[in-house]
Amino acid sequence: MAASLTIGELAQRADVAATTLRYYEKIGLITPPVRIGGQRRYDESVLGRLEVIRLCKTAGFALDEVRLLFADDAPGRPASRALAEAKLAEIDSRMAELAAAKAIVEWGMRCTCPSIDQCTCGIHGDGLSAGRSVPPATRGGRHGAATRTRTSRRPTGRGRRS
């Protein structure tokens, strides 16, 4: 296919800044386009490559890692597989951290103490700061089972100092 897209046209179609395209070109993620009258002219096939870059970034790969993925042309793509396995382990770890964060927020939402300063459920005292990985409330502690519903107490002002 003939090179037909200017950098502005490509940037608009790919929803990527022109400066990003120049940077991707500089670091080798996209091949330098032909120039007509000094102006970059990209083939439409670069749109597919830009979509793969976007997907890789969404999955959490750094641009250096994306470059490695593109460069891996060995049979079975062992470098890509190793990188993907490491990324999956990283994602699993982040998911565990998010699950713990969710448990903390849910624990805090069940708290019926009048303020953080007067809190007796332990989220900031003997709770997680003491190295506990899961708040006691998520194990049926002081605030009951996770299915307990909130009281009608309004949350405004909660945790604010006077």
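Remark on Arg40: its backbone amide H falls under 5 Å from those of Ile7, a criterion applied only to residues 5 or more positions apart or on other chains, H modelled at 1.01 Å from N. Given their separation in residues at 0.36 nm each and the Cα-Cα distance between them, Arg13 and Ala74 gain 18.8 nm when the chain is fully extended. Between Thr120 and Ala89, what FRET efficiency comes out of the Förster formula 1/(1 + (r/R0)^6) with R0 = 35 Å and r the beta carbon distance, rounded to 0.05? Result of the calculation: an efficiency of 0.35. For segment 1-108, the alpha-carbon coordinates run over 63, 39, 20 Å along the three principal axes, in decreasing order.
Mind checking the dipole of segment 7-71: about its Cα centre, +1 per Lys or Arg Cβ, -1 per Asp or Glu Cβ, Debye to the nearest 20?
Values: 10 positive and 8 negative charges, 38 e Å.
Charge dipole of segment 7-71: 180 debye, to the nearest 20.
Rounded to the nearest whole Hz, the Karplus-based 3J(HN,Hα) values (6.51 cos²θ - 1.76 cosθ + 1.60, θ = phi - 60°) of segment 55-69 follow the sequence 4, 5, 5, 4, 6, x, 6, 6, 4, 4, 5, 4, 4, 5, 4, with x at glycine and proline. Each residue of segment 96-103 is assigned a 3J(HN,Hα), and the resulting list reads 5, 5, 5, 5, 5, 4, 4, 4 Hz, derived from the Karplus form 6.51 cos²θ - 1.76 cosθ + 1.60 (θ = phi - 60°), x at Gly and Pro. You can think of it this way: the chain between Leu63 and Glu97 has 9.8 nm of extra reach, that is 0.36 nm per residue less the Cα-Cα gap.
Along the axis of the charge dipole computed for segment 7-71 (Cβ charges of +1 for Lys and Arg, -1 for Asp and Glu, origin at the Cα centre), the listed residues Thr19, Ile53, Gly38 are led at the positive end by Gly38. Each other residue within a Cβ distance under 11 Å of Val34 adds +1 if Lys or Arg and -1 if Asp or Glu, for a net charge of +2. Per-residue Karplus couplings for segment 30-38, computed as 6.51 cos²θ - 1.76 cosθ + 1.60 with θ equal to phi - 60°, are listed in order as 10, 6, x, x, 5, 10, 10, x, x Hz, Gly and Pro entered as x.
Since every read-out is calculated from the coordinates, none of them should be taken as a lab result. Values in this document were obtained by computation on a predicted structure and should not be read as measured data. Every residue, glycine as well, gets a Cβ built from its backbone with ideal geometry; the counts of neighbours run over all protein chains shown.
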